[in-house]
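Down below is the structure, laid out as structure tokens.
The values are calculated or read from the model by the stated rules, or taken from the named source; none is laboratory data. All figures in this text were calculated on a predicted structure; none of them were measured in a lab. Here the Cβ is made from the backbone with ideal geometry for all residues, glycine too, and neighbour counts use every protein chain on show.
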Amino acid sequence: MADSPTIGTSRWAREIADALTADPRFAAATQTWEGVLAVRGERTAPGVAFQIHKGSVRAVDDRIDGDETFAFVVPPAVWERLLAAGENRYMHEAMGGAFSVVGSGYEYLRMTKPLAYLVDAARQVAGVAEPAPHAPPTSVPPPAPRWSVQGSYLFLNGSLGYAEIGEPAGPARATVLLLHTAGQSGVQYRRVVPRLTALGYRTITPDYPGHGRSEPAAAGPVTDLGDFAAWLVQVIDALDPADAPLVVAGCSIGGKLTLDLATRLGSRLAGAVAMAASADAGRANRKALLRELEDVAAPSRTDRTHLGTRAVVGDAVPAEVRELIATMHRREDPVISNSDLLGWTSHDLTGRLADIRCPVLLVGGADDLWLDLEAMRRSADAIPNGRSVVLEGIGHYPPQELPDFADRLHAWIEPWLGGGDDEHAR
């Protein structure tokens, strides 16, 4: 816009502060943070500083004296890209190494989500975006007081793999294969399975090799998601009784594996729900992941996992649920999770989407900083019977963030089983 302030000036900083103060997402994300955030165009250049105190911007200063908690360094060319994009591309640029930090790297990680909101504010001040909508937190229903699954070990490819099977009270209306995210295990679906079985579904929830209760893969950590996909076909062959339609639902690398299985299994699948994923190579800094594999025992690793997970949970998710999701992620084996992410960055299925024969729904969270929603939509458009839906207020982990996820999944897949309609995905 012609009258928008120049980035890095006092006027720009004041308008950014006003936009952040008016954003309830920023207040919620910084309610426990106190410090000074500087924004610079170069590492040694002057900049502007925001004094933040427990959810509010207390002061703005363009005379930085070196006492900032950390400086967020955004080169002018990166600002140009951020303002020219059709959506907030903060995480896309971060994954590509476009930003740098001077000062506390720990505090920089703590402020991942607020920095994304700062980019939103900059886009708003520049006149290229409207204030972001704010979804109120959802209520959290209590978990089932008691429920049971059958655990199974399978000797596949030289090691024991683990999967849990949930059975409905009567004949299964479908068998649903539930696939977890990077570094995690089937425990992510612990609050989903009892409701799905109550709705009449059989569930199969495997732990990939090296994850959860499965032994490590015989050849070592897996960095090719195609290996996981081939292993999952063996799991299906062993555990699916083929007495009901088969549906696959997965999140993050599980979402990409869902798409992979849809290309492999053809008409054997009744449908697939791929969440927080697209068909192209995932967004992560491959060089940084490889470098980190050499130093995964650093004391701050669990903190990085915890804070990074918190940053990509949606704004509509209550604080206690956000914290539980992030705390569960601290259990990750860093060698395994980094290997998973290396597979995420290289597994490109775009050339195989036209071969998919079953209906596919791709699901993305509007607050997912790790997912390129346009890439997700392109993937859906390339599938003969593909659709996409964006969930407001939800981030990277719909199965854990949505209190009614099992019912949502039921609504998504029921039309593929011969009942209901498909208006929910339009």
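Comparison of ALA71, ALA59 shows that the only residue that is exposed (fewer than 14 other Cβ atoms within 10 Å of the Cβ) and within 23 Å of GLU34 (Cβ to Cβ) is ALA59.
The residues of the range 337-352 that are crowded, with 21+ Cβ neighbours inside 10 Å and more than 17 Å from the chain's Cα centre (by Cα) amount to a single one, LEU349.
Selection of the range 27-68 for residues being polar (S, T, N, Q) and either under 18 Å from PRO5 (Cα atoms) or under 28 Å from the mean Cα position of the chain (by Cα) (or both) yields THR30, GLN31, THR32, SER56.
Residue-by-condition table, conditions (1) of a type in the set (Gly, Ala, Ser); (2) assigned to a loop (DSSP other than H, G, I, E, B):
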{"position": "SER4", "(1), (2)": "yes, yes"}
{"position": "GLN31", "(1), (2)": "no, yes"}
{"position": "GLY35", "(1), (2)": "yes, no"}
{"position": "VAL60", "(1), (2)": "no, no"}
{"position": "ASP67", "(1), (2)": "no, yes"}
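Close Cβ contacts (under 9 Å, 6 or more residues apart or on different chains) running from residues in the range 90-101 that are at positive phi to residues that are of a type outside the set (Ser, Thr, Tyr) comprise GLY97/ASN285; GLY97/LYS287; GLY97/ALA288. On the given criteria, is VAL233 in the same structural domain as ARG191 (by TED's automatic domain parsing) and assigned to a helix (DSSP H, G or I)? Yes. Among the residues of the range 355-363, is any closer than 27 Å to PRO221 by Cβ, surrounded by 17 or more Cβ atoms within 10 Å (Cβ to Cβ), under 17 Å from the mean Cα position of the chain (by Cα) and of a type outside the set (Asp, Glu)? No, because not a single residue in the range 355-363 is closer than 27 Å to PRO221 by Cβ, surrounded by 17 or more Cβ atoms within 10 Å (Cβ to Cβ), under 17 Å from the mean Cα position of the chain (by Cα) and of a type outside the set (Asp, Glu).
Every residue, every condition in (1) not aliphatic (A, V, I, L, M); (2) not in a strand (DSSP E or B), yes or no:
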| site | (1), (2) |
| --- | --- |
| ASN338 | yes, yes |
| GLY351 | yes, yes |
| ARG357 | yes, yes |
| ALA380 | no, yes |
| ARG387 | yes, no |
| GLN400 | yes, yes |
| ARG408 | yes, yes |
| TRP412 | yes, yes |
| TRP416 | yes, yes |
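So is LEU154 of a type outside the set (S, T, N, Q), touching a helix residue (DSSP H, G or I) at 6+ places or on another chain (Cβ under 7 Å), surrounded by 14 or more Cβ atoms within 10 Å (Cβ to Cβ) and in the same structural domain as ALA316 (by TED's automatic domain parsing) or not? When the stated conditions are applied, LEU154 passes them.
To keep it simple, each residue is scored yes or no on (1) out of contact with any Leu (no Cβ under 8 Å at 6 or more places or on another chain); (2) assigned by TED's automatic domain parsing to the domain that holds VAL187; (3) surrounded by fewer than 24 Cβ atoms within 10 Å (Cβ to Cβ); (4) modelled with pLDDT under 95.
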| residue | (1), (2), (3), (4) |
| --- | --- |
| PRO221 | yes, yes, yes, yes |
| GLY226 | yes, yes, yes, no |
| PRO245 | no, yes, yes, no |
| VAL248 | no, yes, no, no |
| ILE253 | no, yes, no, no |
| LEU259 | no, yes, no, no |
| ALA262 | no, yes, no, no |
| SER267 | yes, yes, yes, yes |
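Based on what the data block shows, is THR44 under 24 Å from ARG304 (Cβ atoms), of a type in the set (Val, Ile, Thr) and either without any contact (Cβ under 8 Å) to a residue 60 or more places away in the chain or loosely packed, with under 14 Cβ neighbours inside 10 Å (or both)? No, not satisfied.
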